[in-house]
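Presented below is the structure to which this report refers.
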There are 4 protein chains.
Amino acid sequence: MPEELNVGLVGCGFMGKAHSNAWLNTGKFFNLPIQPGMKAICALPEDEDALRRMAENWGWEGYVTDYKELVTREDIDLVDVATPNNTHAEISIAAAEAGKNVSCEKPLAMNVAEAKEMLQAVKEAGVRHMVWFNYRRVPAVALARRLIDEGRIGKIYHFRAQYLQDWIMDPEFPLVWRLRKEVGGSGAHGDLNAHITDLARYLVGEIDEVVGMSETFIKERPLEAEAVGLTATAGEKRGQVTVDDTVLFLARFENGAVGSFEGTRFGAGRKNGERFEINGEKGTLAFDFERMNELEFFSREDPEGLQGFKTILATEPGHPYMEAYWPPGHLIGYEHTFVSQAADLVKGIAEGTELKPDFEDGLRNQEVLDAVLKSCEERAWIKVGE
Amino acid sequence: MPEELNVGLVGCGFMGKAHSNAWLNTGKFFNLPIQPGMKAICALPEDEDALRRMAENWGWEGYVTDYKELVTREDIDLVDVATPNNTHAEISIAAAEAGKNVSCEKPLAMNVAEAKEMLQAVKEAGVRHMVWFNYRRVPAVALARRLIDEGRIGKIYHFRAQYLQDWIMDPEFPLVWRLRKEVGGSGAHGDLNAHITDLARYLVGEIDEVVGMSETFIKERPLEAEAVGLTATAGEKRGQVTVDDTVLFLARFENGAVGSFEGTRFGAGRKNGERFEINGEKGTLAFDFERMNELEFFSREDPEGLQGFKTILATEPGHPYMEAYWPPGHLIGYEHTFVSQAADLVKGIAEGTELKPDFEDGLRNQEVLDAVLKSCEERAWIKVGE
Amino acid sequence: MPEELNVGLVGCGFMGKAHSNAWLNTGKFFNLPIQPGMKAICALPEDEDALRRMAENWGWEGYVTDYKELVTREDIDLVDVATPNNTHAEISIAAAEAGKNVSCEKPLAMNVAEAKEMLQAVKEAGVRHMVWFNYRRVPAVALARRLIDEGRIGKIYHFRAQYLQDWIMDPEFPLVWRLRKEVGGSGAHGDLNAHITDLARYLVGEIDEVVGMSETFIKERPLEAEAVGLTATAGEKRGQVTVDDTVLFLARFENGAVGSFEGTRFGAGRKNGERFEINGEKGTLAFDFERMNELEFFSREDPEGLQGFKTILATEPGHPYMEAYWPPGHLIGYEHTFVSQAADLVKGIAEGTELKPDFEDGLRNQEVLDAVLKSCEERAWIKVGE
Amino acid sequence: MPEELNVGLVGCGFMGKAHSNAWLNTGKFFNLPIQPGMKAICALPEDEDALRRMAENWGWEGYVTDYKELVTREDIDLVDVATPNNTHAEISIAAAEAGKNVSCEKPLAMNVAEAKEMLQAVKEAGVRHMVWFNYRRVPAVALARRLIDEGRIGKIYHFRAQYLQDWIMDPEFPLVWRLRKEVGGSGAHGDLNAHITDLARYLVGEIDEVVGMSETFIKERPLEAEAVGLTATAGEKRGQVTVDDTVLFLARFENGAVGSFEGTRFGAGRKNGERFEINGEKGTLAFDFERMNELEFFSREDPEGLQGFKTILATEPGHPYMEAYWPPGHLIGYEHTFVSQAADLVKGIAEGTELKPDFEDGLRNQEVLDAVLKSCEERAWIKVGE
């Protein structure tokens, strides 16, 4: 076993903060076999000021402005990729080729072709790999998986998931990178459907075929100030939104279950409304991230007259991950999904045990996402992975 | 067994409507041994117009404007008292003395002395008697009682109840009869605390001692138009509010449980918020009338990691009263508590079986209410029934 | 204006009970211009015993065992059709041809062809017509429509509805008429999706195109005792389930909104889980029949920092239909949707005003349902009404 | 302004962990004028192993086993007291006398006498002081205070709070320090009622008089292993529980509002159920810590027909403290109340601005708690502070 796991993080935005916090705190809460070292953080030269502040703030030993330098440094064991989607492949592959373990934000890639290259790269390099589908680490979600594995809802008939947000509903919200296809790849689809597709695969199984529809409600938006130049008045120049605002799709799983998926950024009032409901022959599980400490469970095996939806407050020591944190009823939050996943990542690398979800999962996820986009274009059912 | 049960209803206000609906429909939903006959409805001469309309509308065979006439009619088997509180005793006693069965709205009386006279009257006359504490007939509440009887929450530690309404919060709301002591007896106390005290006795047991406090937030209100006379401008003349707006009390039950009670008409936004929570050694039951089809149940006997508050939608055929109504998930409403209680009343009289809650319960209830008022005055703990 | 409206009801099952209750009580709660008369109830000769009991119980003046007799009786003004789906057309058309007004249970017909004939029949006869999509009369749902009409959620982006039940999940549940195509037409689709499709049209507008999928999870079930004959052991003989257990579909509305629909009888724990959420540019509305007295409303126009989902307890006098019933917070139930719709029906016929939803709506609804079934078969997007 | 704020923490239990996490992370999330230094952590010599691990884990520069050493160290600016209740006074006074700023866990003291000494000590020393009533820093709670200050619920009529836990319901749960009067002072009262009393003072105002009741449901419990000695069989020897399991009290506030309080460790299923509801003339606010990111708000000023309880998800940048954390809908947890309070503490000391709640608040709180205990003993209403 290595004595420590030195991390080099690429990215200094929202995800850079979430990952920095995870690396700082994971060893405090979890009893890890080795400690992660916060070696260096990396971003583009134009972000150097923000980068320096983030490095200082979170306690990174240093920072660099060229990921190529980072991935080849001797003192780095894991390259953690938390950049916009269009750079995941390039950085991850470079890291793998430099012999580094890689953990990459979701969605893994811009498309299946990229994802395949990435998977091949980590396999050939023999390095460990993981994708930050962080919601698997919500204790209530991991508990849902445990209950399914124990057979508590039996054969699954229905998976029904929505991921609803509303942060771009104002037509004057600017054309940020997440709304430009060349950077984000897709809109709500890769951002939100990627997550619920991962949960579907985690909780139900592989998806066989899909049919979908896509819509962009606001087709033009103001360019961002930096894109326009300093002299431009805010909102004066507009650009085309080149990604979807929402994608919905129906699915058939390999095991016979049927699925309904919907990701949107136009769900007024839903701030991070990632929700699923799974109906099986023996019961139902339901979850809403906005009440992330709770899992709803209905069991048809409860005595007649005593059946009902039970709200399990997933904060007991026996619930997944919770022993590390606080006493029952003392809730955890969004950031702890990263803290817990970082712990799993450290343990997996240190002990050579399974890392899930990995790039294989990232590829399978991408295959579903791409099939849906193809279905939207061709207005037809599409087999996943073909 | 008698062949029918002819009812004479006294009262043509809100409760008159609720009772009329119950008498009309109870035999449609429930399979009754005998049918209730809607013989006559009675109110004061000054209400004759409203009375005639109510009689015609709900299908009463006739109406009278003197309760003394009603209670002595040969063709009446049951006198149903749904008048303001200060007339309960007079009418009920007259009915009993005329040999009629009596069902009386809650609170049974203005005070313990009246309640005792009423109980004595029905006992001496050998007639059947019941009090309309209708919330015992909410299926979810009756289910709570069943679960307690089955030992599912074990020994009870806590009873905690509130009955919150907000209909008189506007200081310009007029001085209706419910706000005048000589008619209503008390305010929120007799109106709302009477109900939760009944539920406490039904679900937990007898109350041993109490300490309470009372408050009237709005001390003067506009007189009602009819009280002022036709020439008065609305709101011009004001009168003293002589009842409480809220009464809170703590209690010790004979079985060692502790209790907290609160009735108020100043619970902004709570329209009919009758709520209780009961914590026992094995679990908890919780109820809120504003979601009256639901009972919350937590069992400490559920497997570890699977414990949680279960929302039982009490609409299954096996749940109390529900076989009479609609399929699961097809909710019932407020009025059905009266329809169900009327069915129990008819069956109890026809078959000579127990009628609960009866005047004995009404008296016990009154003893608690009076002890609380005495405690408010004397600022001391008061033994119930002394 | 006619002096009364005499009703002949066809059907003595679950819907027969719901309609009988509505006709008995609608005039008690609502101030109607004319009173409905409960003239006769009708069912098949083999159901005569049940029919007689139902007639006596609910106060129908008489009963007949041949609908042809009913529809031609001089003393009947309205034929109310509450029979299995495969008889709606025949009875409704006969009634119309006899010059009777017709109200018919949903779905209007077995298919578009039948629905067109029915619409043509009532139009040619010049009689009034209505379809019992009763959920439009839930006060919270009618309130949702009012808020939309007032522009409170602005342009609509998303309609998302599920109608989840679980009453046939047991594989030993028998092959009742609702599971046989020749009687029910379809399964969850015509039963449940018919309702949410009606709500979609009521609340959002016309649907332009759809793509759907269908599944039958349990493909064989025990025949019902009467179908098997008296000597057969329960469950011994099995028959093919010829309808869907679930149908899901995506939709594009004419106004640009996107929709997601799902009806299933395999939603474990959902008893009558008819739910919708509508996201518009200014806000969101959400509803779940299992809490039918509540409407959720989020407004993006609320002050910043004070936005949130508001639970409107739709029991105020100003809320649709509620003035007829009880004070605020005193809930109503499932049956009141029929009581209220009956009141609208009586008023509409008496005063010659609009009746909605009518057979035109029934036909439009059927066009959507048929397009979905065609889409399931052809695995393609289908234009509605082509 | 000082250049840094060096902290010495006393205590290495549950609160030691909560405080360590706060000191580590507060400067990462909040933009602080100076950084807190994690100088030393302190506990009793017998806990040295646990102490060393905690120091290493959370990054304390060192540890000491004598608080007297800690409080006199030159390099310590703030002594943070997170020990059992019976040592708060001794340590805080010593720290003040050594010229250190002091932050102390709640309840401030064992009784009013101690609290007065402590307040006097910090005043005489001229040092800054704060009490860790951490729930004031729940964003939803701070938002409640803001809405009250803005007059949104108007004059307050009712404060109603419960703090329900269930961790000692098993009669075999051992006699830990919190159940022994000489260490804990009281049971649920000082532990739980202290918090809701603080919230009452924070949100409503000063309490004038109280009447209470106390109960210990389980009167004997197994001694803890260490107390019994190594040879004792677990559960063999039992000791007296010398504190309350529950205390309930009624209160009258100086501003005329009435209050109801209840703390219990026998609320089966309630893990950290700290709940309050405040009814004012214009509206209501309600909170439950088990859904700590949510505040319920009802406004009587909303348009008629659109009134209802609004669930404000208090995770917007404009909500108290939230700008420091994550985007809307990305929940925070229990620990963030300490992280936020630590930030306020650092800022207050650095900038010389108000620190709330301070020892004055701690004393006022203690006066209420003591008055309640006296009321329980004397079975009478007791004036607070007399």
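The values are calculated or read from the model by the stated rules, or taken from the named source; none is laboratory data. Because the structure is predicted, anything quoted here is derived from the model rather than measured. Cβ placement follows ideal geometry from the backbone for every residue including glycine, while neighbour counts extend to all protein chains displayed.
Overview of values
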quantity	calculated
Residue that is nearest to the chain's Cα centre (by Cα) [pool: residues in region A:305-318 that are assigned to a loop (DSSP other than H, G, I, E, B) and closer than 14 Å to B:Phe297 by Cβ]	A:Gly308
Single residue of D:Pro327, D:Pro317, D:Pro303, D:Pro357 found to be touching a strand residue (DSSP E or B) at 6+ places or on another chain (Cβ under 6 Å) and on the phi < 0 side of the Ramachandran plot	D:Pro357
Residue within region D:127-143 that is in contact with a Leu (Cβ under 7 Å, 6 or more places away or on another chain) and more than 20 Å from D:Ala342 (Cα to Cα) present	no
Scan of region D:277-294 for residues that are within 12 Å of chain A (Cβ to nearest Cβ) and part of a strand (DSSP E or B), ordered by number	D:Asp288, D:Glu294
Positions within region B:41-62 being crowded, with 22+ Cβ neighbours inside 10 Å and outside any helix (DSSP H, G or I), in sequence order	B:Ile41, B:Cys42, B:Ala43, B:Trp60
From the options A:Lys374, A:Lys310, A:Lys383, residue that is in contact with a Gly (Cβ under 8 Å, 6 or more places away or on another chain), outside the structural domain of A:Ser20 (by TED's automatic domain parsing) and not aromatic (Phe, Trp, Tyr)	A:Lys310
The listed residue being basic (Lys, Arg) and touching an Asp or Glu at 6+ places or on another chain (Cβ under 7 Å), out of D:Arg252, D:Arg291, D:Arg300	D:Arg252
Long-range neighbours under 7 Å by Cβ, at least six apart or interchain, first residue without any contact (Cβ under 8 Å) to a residue 40 or more places away in the chain and in the same structural domain as B:Gly27 (by TED's automatic domain parsing) within region B:345-358, second of a type in the set (Ser, Thr, Tyr) and assigned to a helix (DSSP H, G or I)	none
Near pairs, Cβ below 9 angstrom, 6+ apart or cross-chain, from region A:367-384 (more than 14 Å from C:Ala380 (Cα to Cα)) to any residue that is surrounded by fewer than 21 Cβ atoms within 10 Å (Cβ to Cβ) and among the polar types (S, T, N, Q)	A:Leu369/A:Asn111; A:Asp370/A:Asn111; A:Leu373/A:Asn111
Test for C:Ile332: is it over 21 Å from B:Phe338 (Cβ atoms) and either surrounded by 20 or more Cβ atoms within 10 Å (Cβ to Cβ) or outside the structural domain of C:Leu143 (by TED's automatic domain parsing) (or both)	no
Check on B:Leu179, more than 30 Å from D:Thr264 (Cβ to Cβ), away from chain D (no Cβ under 12 Å) and surrounded by 23 or more Cβ atoms within 10 Å (Cβ to Cβ)	yes
Residues within region C:261-276 that are in a strand (DSSP E or B) and buried (at least 24 other Cβ atoms within 10 Å of the Cβ), tallied	6
Selection status of C:Gln120, farther than 23 Å from C:Ser340 by Cα and within 14 Å of chain A (Cβ to nearest Cβ)	no
Qualifying residues in region D:332-386 (those that are within 14 Å of chain A (Cβ to nearest Cβ) and closer than 16 Å to D:Tyr202 by Cβ) - the one nearest to the chain's Cα centre (by Cα)	D:Thr337
Qualifying position, being away from chain A (no Cβ under 14 Å) and either surrounded by fewer than 24 Cβ atoms within 10 Å (Cβ to Cβ) or at pLDDT below 95 (or both), among D:Thr246, D:Thr197, D:Thr231	D:Thr231
Only listed residue being out of contact with any His (no Cβ under 9 Å at 6 or more places or on another chain), free of Cβ contacts under 8 Å to residues at least 24 places away in the same chain and crowded, with 23+ Cβ neighbours inside 10 Å, chosen from C:Phe298, C:Phe287	C:Phe298
When residues of region C:102-127 are limited to those that are under 19 Å from C:Lys347 (Cα atoms) and over 18 Å from the mean Cα position of the chain (by Cα), the one surrounded by the fewest Cβ atoms within 10 Å (Cβ to Cβ)	C:Gly126
Subset tally (residues that are facing another protein chain (nearest Cβ under 8 Å) and either farther than 28 Å from D:Leu345 by Cβ or in contact with a Pro (Cβ under 8 Å, 6 or more places away or on another chain) (or both)) for region D:303-326	12
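Residues are listed down the side, and each one gets a yes or a no for (1) more than 14 Å from every other protein chain (Cβ to nearest Cβ); (2) at positive phi; (3) surrounded by fewer than 18 Cβ atoms within 10 Å (Cβ to Cβ); (4) touching a Ser or Thr at 6+ places or on another chain (Cβ under 6 Å):
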residue	(1), (2), (3), (4)
B:Leu143	no, no, no, no
B:Arg146	no, no, yes, no
B:Asp170	no, no, yes, no
B:Ser186	yes, no, no, no
B:His189	no, no, no, no
B:Glu209	no, no, no, no
